[in-house]
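**Q** Once you've had a glance at the structure underneath, I'll fire off some questions.
The values are calculated or read from the model by the stated rules, or taken from the named source; none is laboratory data. It should be emphasised that the depicted structure is a prediction, and the values quoted were computed from it without experimental measurement. Every residue, glycine as well, gets a Cβ built from its backbone with ideal geometry; the counts of neighbours run over all protein chains shown.
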Amino acid sequence: MDNNAAAVLTAALTGLQNVVAAPREGRVAQLPTFSGRADEDVREFIQRLEIAFQANQVADNRRFHIAISCLTRTAANWYELNRATLANWDTAGQANNTRFRTSIIERFDTVA
């Protein structure tokens with residue numbers, strides 16, 4: 001085996017090891033839903049969602065898309081009206097109006 005073939009094989013095995021060792025997203029905890037009704041607490045929804053994200057090992061770059069799939073009724077309508085500006089879950093350094101987490105709390109938080 002020449003050095004080039006050995007290097008390619010080593011790189012392939014290292015890549016495979018990284019894939020196998022990397023945490024995999026799973027379905028350990030059920031995702032909550034949020035409709036935006038007055039009797040629902042948006043902060044509790046966010047807290048339960050973040051716990052599910054951790055338990056299911058959801059990558060940061062997927063949280064926004066998963067979160068919007070948890071919306072129903074009034075909350076889903078709110079998202080549709082604001083989808084042009086919302087772009088991420090809660091990415092540091094991004095404008096607050098693009099952060100889903102911040103924006104949904106601002107819209108549906110009933111605590112004065």
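**Q** Collect the residues in segment 48-70 that are exposed (fewer than 13 other Cβ atoms within 10 Å of the Cβ), polar (S, T, N, Q) and on the phi < 0 side of the Ramachandran plot, keeping them in residue-number order.
**A** 54, 61, 69
**Q** Would you point out which residue out of 73, 107 is in contact with a helix residue (DSSP H, G or I) (Cβ under 7 Å, 6 or more places away or on another chain), surrounded by fewer than 17 Cβ atoms within 10 Å (Cβ to Cβ) and charged (D, E, K, R)?
**A** Going through 73, 107 in turn, the sole match is 107.
**Q** For segment 42-55, which positions are of a type outside the set (A, V, I, L, M, F, W, C) and in contact with a helix residue (DSSP H, G or I) (Cβ under 9 Å, 6 or more places away or on another chain)?
**A** Matches in segment 42-55: 43, 50.
**Q** Of the residues 52, 21, 38, which single one is farther than 16 Å from residue 103 by Cβ, of a type outside the set (Asp, Glu) and at pLDDT below 90?
**A** The conditions single out 21.
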